[in-house]
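The values are calculated or read from the model by the stated rules, or taken from the named source; none is laboratory data. Model, not experiment: these values are computed from the prediction. Note that each Cβ is placed from the backbone with ideal geometry, even for glycine, and that neighbours are counted across all protein chains shown.
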Amino acid sequence: MNQDRVGIIGIGQSPFAARRPDANYPDLVREAVVIAMADAKLDFDAIEAVVYSLSPDAMIGIGNAERLGVDAVGGRNKRFLRINTGGATGISSVSAAYYHVASGACDVVLTAGADKVGECGDSQSVLNKIWDPTYERQLPLGTINMLAMSAIRYMKLYGMTEEDMARVTVKNRRHASLNPNAHLRKEVTIQDVLDSRYISWPIKLLDCCPQSTGGAALVLASEKYIRDHHLDAVWITGLAHCAETYWMGDRMGANPTAEHADAYALSRSFQRAYKMAGITDPAKQVHVAELYAPFSNTEFHSIDAAGLTKPGESVPRLRDGEFDLGGRLPVNASGGTLCTNAIAVTAMARVAETALQVWARAGARQAKGARVGIASGNGGDHQIFGTMVIEA
């Protein structure tokens, strides 16, 4: 086993928007890859493997659409692997790239992908089909009402209100206004959020993430390669995944590992990543967090699951501004998933933004003094969770 650390040496993100009529699907992937390769100061001959981050085929309208992207990412005659774990796909892809390097199989690996969620028609009609057709789809379950039920449980257990949910949106939109790549960059007020129409109580329109179009890419390399070629890097020091049961009904019991208000599997994933990174007190040792929260209420249990607060304490602490830029521990300084959601690369963007933060390259959205950051991704019916620790 190669004992070298694995570093991120190149980061690329396209500007995200509802639609990009100027770029087809391979164009978007290539756009992000070109930026990442220039950032890494490498040419394509240095890339030994490509991990392709791709959401479900139904979102794209092309079967096995990774074939369309091989040339766009310089993957011809190279190791090539497609990853799909729903919303967690981006962070799962970074993990797969990490293990290519950490195993000693490769020294330099590219992971990249893109999505045109804003151009796929109604993405919810695709996502609503992920549940069991016999027992649960007739509820009818969807990605929004699934997490609306979680919001109701969180309200009951921890006292979260609709106004608290609105505060998350206001915070993240303010952060996104500083991020030139973010999709939703217009600032809003608490009243704006409260006045927006209900989608599934208590979730309103402005509590929801957008359908975004764009691409992202990262270049990873071994520590030896980085040292030998005198490259700059930030380091992936911990990573993990954890799965939850597929059955929503099994998450509604009295067992604390099945409480739908919380995100127990996400918490387990963070614990494993922290153990690998040697972090024993994340509330004190972590400086910045990019947590996958597609709806405003899910940011609270994500903060809790990351060990940044005890369960439920994220609500009063967010009210006090602790998770704002300039606060004790900024959460989603990029605007997060709530402001940009190109599904295939949303979780990759969480890793990219965390890397930029600890690299002190986040521009106007930079968290002062950030040296240790965390990222997460959620996939499926809030079922597959990936987590990562990144350090300068």
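Is it true that A347 is closer than 18 Å to N181 by Cβ, touching a helix residue (DSSP H, G or I) at 6+ places or on another chain (Cβ under 8 Å) and in contact (Cβ under 8 Å) with a residue 24 or more places away in the chain? Criteria met by A347.
Report yes if T346 is surrounded by 24 or more Cβ atoms within 10 Å (Cβ to Cβ) and touching a Pro at 6+ places or on another chain (Cβ under 6 Å), otherwise no. When the stated conditions are applied, T346 does not pass them. Beta carbons closer than 6 Å, at least 6 apart along the sequence or on distinct chains, pair a first residue in the stretch 288-317 that is surrounded by 24 or more Cβ atoms within 10 Å (Cβ to Cβ) with a second that is of a type in the set (S, T, Y) and part of a loop (DSSP other than H, G, I, E, B) for Y292/T337; A293/T337; I303/T309. Output yes when any residue across the stretch 119-126 is of a type in the set (D, E), buried (at least 20 other Cβ atoms within 10 Å of the Cβ), in contact (Cβ under 8 Å) with a residue 24 or more places away in the chain and not in a loop (DSSP other than H, G, I, E, B), and no when none is. No, the stretch 119-126 has no match at all. Listed by position, the strands (runs of 3 or more DSSP E) inside the stretch 143-252 whose residues that are of a type in the set (G, A, S), surrounded by 17 or more Cβ atoms within 10 Å (Cβ to Cβ) and out of contact with any Lys or Arg (no Cβ under 7 Å at 6 or more places or on another chain) number at least 3 are 213-222.
Based on what the data block shows, is A216 of a type in the set (A, V, I, L, M, F, W, C), closer than 18 Å to V389 by Cβ and modelled with pLDDT of 95 or more? Before the answer, list the steps.
Values: of a type in the set (A, V, I, L, M, F, W, C): yes; closer than 18 Å to V389 by Cβ: no; modelled with pLDDT of 95 or more: yes.
No; evaluated as a whole, the condition is false for this residue.
Which residues, counting only those in the stretch 300-346, are under 20 Å from C242 (Cα atoms) and of a type in the set (G, A, S)? Selection gives S302, A305, A306, G307, A344. As a summary of the residue check, A360 satisfies the conditions (1) touching a residue at least 60 places away in the same chain (Cβ under 8 Å); (2) over 12 Å from the mean Cα position of the chain (by Cα); (3) part of a loop (DSSP other than H, G, I, E, B) except for the one numbered (1). Residues in the stretch 47-97 that are out of contact with any Asp or Glu (no Cβ under 6 Å at 6 or more places or on another chain), polar (S, T, N, Q) and touching a residue at least 24 places away in the same chain (Cβ under 8 Å): S53, N84, T85, T89, S92, S93, S95. Of all the residues in the stretch 222-259, those that are under 21 Å from the mean Cα position of the chain (by Cα) and within 28 Å of V372 (Cα to Cα) number 12. Taking only pairs six or more apart or across chains, which ones have beta-carbon atoms under 7 Å, a first residue in the stretch 223-244 that is closer than 15 Å to R5 by Cβ, and a second residue that is of a type in the set (S, T, Y) and at pLDDT 95 or above? Close Cβ pairs satisfying both conditions: I236/Y98; G238/Y274; L239/S95; L239/Y98; L239/T387. Being closer than 26 Å to V389 by Cα and in contact (Cβ under 8 Å) with a residue 60 or more places away in the chain is a property that V101 has.
With the condition kept exactly as written, say whether any residue in the stretch 323-333 is in a helix (DSSP H, G or I), among the hydrophobic types (A, V, I, L, M, F, W, C), under 13 Å from the mean Cα position of the chain (by Cα) and under 16 Å from S376 (Cα atoms). Give the derivation first.
Step one: filter the stretch 323-333 for residues in a helix (DSSP H, G or I), giving none.
No, the stretch 323-333 contains no residue that is in a helix (DSSP H, G or I), among the hydrophobic types (A, V, I, L, M, F, W, C), under 13 Å from the mean Cα position of the chain (by Cα) and under 16 Å from S376 (Cα atoms).
Scanning the stretch 253-287 for residues that are modelled with pLDDT of 95 or more and among the polar types (S, T, N, Q), we see that the one that is surrounded by the most Cβ atoms within 10 Å (Cβ to Cβ) is S269. Each residue in the stretch 363-377 was checked for being in a loop (DSSP other than H, G, I, E, B) and on the phi > 0 side of the Ramachandran plot, and 1 pass. Across the stretch 62-118, the qualifying residues are those that are among the acidic types (D, E) and over 21 Å from the mean Cα position of the chain (by Cα), and the one among them that is farthest from N128 (Cα to Cα) is D107.
Scanning the stretch 35-53 for residues that are closer than 23 Å to A105 by Cα and hydrophobic (A, V, I, L, M, F, W, C) yields A36, M37, A40, L42, F44, A46, I47, A49, V50, V51.
Kindly establish whether G104 is in a loop (DSSP other than H, G, I, E, B), touching an Asp or Glu at 6+ places or on another chain (Cβ under 7 Å) and surrounded by fewer than 18 Cβ atoms within 10 Å (Cβ to Cβ). If you could, list the steps in order and put the result at the bottom.
On the way: in a loop (DSSP other than H, G, I, E, B): yes; touching an Asp or Glu at 6+ places or on another chain (Cβ under 7 Å): no; surrounded by fewer than 18 Cβ atoms within 10 Å (Cβ to Cβ): yes.
Considered against the rule, which asks whether it is in a loop (DSSP other than H, G, I, E, B), touching an Asp or Glu at 6+ places or on another chain (Cβ under 7 Å) and surrounded by fewer than 18 Cβ atoms within 10 Å (Cβ to Cβ), G104 comes out as no.
Here K78 clears all of (1) within 24 Å of C242 (Cα to Cα); (2) modelled with pLDDT of 95 or more; (3) surrounded by fewer than 17 Cβ atoms within 10 Å (Cβ to Cβ); (4) of a type outside the set (V, I, T) except the condition numbered (1).
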